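> I have a structure here, written as structure tokens, and I will follow up with some questions on it.
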């Protein structure tokens, strides 16, 4: 496993946020960072915890890192270093990694297994999906998914103790393969308000293309988070689609929502692409820019879906 000490630090940061906030309801809005990114009481509690963990465990001898717990505006003067300095994005070449944290992905959910803390360690010279050197998602049912930048792993319901033990007991993440599109297939996305009609059209096209009988139709599924949608392509025989960035919608999946889990899924064999069938080029240095994506699990159905879905998503 590459970058073990970096992953151990990320594991501890994410776990601390989960432990601090997991028993809380969302609470009142305490600030609005813009771009529809409201921060609530639960976000604030988790943020305090992840900052405290970072400051007590960084810098390490092997590397230096700066963390951005508040938002993902790469160039702003709000990066936190281990000695409590605040630096700008232009100064990130002084450290080895920029750590982007989404303390509570799924803020307004009430079920711990539908909330996540995600973190990406990014090459400061390449703040993109490709530039992620390691990525970790802590699902609040205590299942951890992570990538070392090459391979992906899972640690399900770990026994608490030293983080090194938790990392070392992880196993390779093996996606559930999709060999055919049928009643076991789920289409995942943000089925909220006007978004729901987008998926009805996509579902009609899939049913017609595969000439599926009614007892063999796929289903729609969502837990309200981008992280949960994309994880479903690994764990739940799902295709994840989000077209909000192509529409006139206010709440979008931004880089900090999409990229950490997308890197884990991609390194596990999931195809991540745009509506045009091209690689997604999300960029942390472009705050407020949403990401549209299609995520298709590995298996015999993947190649045909790669050709089909860009033709039916407008």
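Every number in this text was worked out from the coordinates using simple rules, so none of it is lab data. Just so it is clear, the structure is predicted and the values come from calculations on it, not from any experiment. Every residue, glycine among them, receives a Cβ derived from its backbone with ideal geometry; neighbour counts consider all protein chains shown.
> Can you tell me the 0 to 90 degree angle between the C-alpha axis of helix 302-312 and the longest principal axis of the chain, rounded to 10?
The answer is roughly 80 degrees.
> Here is a follow-up. What FRET efficiency, computed as 1/(1 + (r/R0)^6) with R0 = 41 Å and r the Cβ-Cβ distance, is obtained for residue 311 and residue 169, rounded to the nearest 0.05?
0.40
> Follow-up. When the chain is modelled as a GNM with alpha-carbon springs shorter than 10 Å, which of 175, 260, 297 fluctuates the most?
Top of the fluctuation ranking is 175.
> When a footprinting reagent is the concern and you count Cβ atoms within 10 Å, what order do 10, 165 take, fewest first?
Taking fewest neighbouring Cβ atoms as first place, the list is 165, 10.
> With 10 angstrom as the radius, rank 178, 203, 67 by how many other C-beta atoms surround their C-beta, starting from the fewest.
203, 178, 67
> From the P(r) of the range 186-312, can you give the percent of Cα pairs sitting at distances over 16 Å?
Tail fraction, whole percent: 60.
> Turning to a different aspect of this structure: Quick one: if the Förster radius is 30 Å, what FRET efficiency do residue 303 and residue 191 give, using the C-beta to C-beta distance and rounding to 0.05?
After rounding to 0.05, the efficiency reads 0.65.
> Next question. Go ahead and estimate [θ] at 222 nm for the chain from helices alone: -39,500 (n - 2.57) per DSSP H run with n ≥ 4, summed, over the residue count, rounded to 500.
Here the helix-only value at 222 nm equals -9000 deg cm²/dmol.
> Using 7 Å Cα-to-Cβ label points, what is the residue 24/residue 289 separation (nm, one decimal)?
The modelled label-to-label distance comes out at 3.2 nm.
> With Kirkwood radius over Cα pairs in Å in mind, check (i) 20.1; (ii) 19.6; (iii) 21.4 and report the label derived from this structure.
Answer by label: (ii).
> Same structure, new question: Please give, to one decimal in nm, the separation of the simple spin-label points placed at residue 57 and residue 180, each 7 Å out from Cα toward the Cβ.
Label-label distance for residue 57 and residue 180, simple model: 4.6 nm.
> In which sequence would 118, 197 go, from the one with the fewest C-beta neighbours within 10 Å to the one with the most?
197, 118
> Report for the range 186-312 the percent antiparallel among DSSP-assigned beta bridges with both residues inside it, nearest 5.
Given both bridge residues lie in the range 186-312, the antiparallel proportion sits at roughly 55 percent.
> Let me ask something else. Explain nothing, just the number: relative contact order of the range 107-209, from Cα pairs under 8 Å at least 6 residues apart, as a whole percent.
About 14 percent, as a whole number.
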